[in-house]
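Novice: Sending over a structure as structure tokens; questions will come in a sec.
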Amino acid sequence: MFTLTKAYPAASITRSRYDTSLFPPYQSNKPRSTVNTSNLSNDETQTILNAQRKLRPISPHLTIYQPQITSLMSGMNRITGAILSTSVYAFAIGYLVAPTLGMHLESQTIAEAFGAMPDAAKVGIKGMLALPFTYHAWNGVRHLIWDTGKMLDMKGVYTGGYVVLGLTGLSTIYLAFA
């Protein structure tokens, strides 16, 4: 267990807990107990502070909360947005750099390569592209509805969440098999 005296031995100078020098009229019959104090430099103070911080528990963060649709969908909206933007930037950079590297990344080549794939691969690739797009798009519509001041009560938020999940599933399946 951490104690200040163990972390910094110079903190063992004694001073009375009920020292009456600060408030002379105060008189007490209670027994005096001692508290260790000392004047410390900034470096010594920082050393003690760092030692204390190492022993403090971290904030409970997400581990103590029960997952709810609102928090999960908020996180997924951010993740799908990051996936979509990263994909667009990666493709754009690849498209611009491909001629320099002697690669063919134009539309005709991509369409021919995609057309030559087995049907299961086509459905899988289209589904992987459609899922983050449709989720992010439908959740964006949900946020636009919130911007009008509608569906902001808990029932509306949960209903909207389930509607977004349902529409995401349906539109992903449609786009994957279309």
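Every number in this text was worked out from the coordinates using simple rules, so none of it is lab data. All values derive from a computational prediction rather than experimental measurement. With ideal geometry, Cβ positions are generated from the backbone for all residues, glycine too; neighbour counts draw on all protein chains shown.
Novice: Restricting the search to segment 50-62, which residues are under 16 Å from the mean Cα position of the chain (by Cα) and in a helix (DSSP H, G or I)?
Specialist: Selection gives His61, Leu62.
Novice: If you don't mind, another one. Could you please tell me which pairs satisfy a Cβ distance under 8 Å, a separation of 6+ or placement on different chains, a first residue in segment 155-167 that is farther than 13 Å from Met73 by Cα, and a second residue that is surrounded by 12 or more Cβ atoms within 10 Å (Cβ to Cβ) and of a type in the set (S, T, N, Q)?
Specialist: Leu167/Thr134
Novice: Being among the aromatic types (Phe, Trp, Tyr) and over 26 Å from the mean Cα position of the chain (by Cα) narrows it down to one residue among Tyr65, Tyr95; which is it?
Specialist: Answer to the check: Tyr95.
Novice: Also, quick follow-up: Out of Ala92, Ala120, Ala137, report the one residue that is free of Cβ contacts under 8 Å to residues at least 60 places away in the same chain, surrounded by 12 or more Cβ atoms within 10 Å (Cβ to Cβ) and either on the phi < 0 side of the Ramachandran plot or not in a helix (DSSP H, G or I) (or both).
Specialist: Only one candidate passes the filter, namely Ala137.
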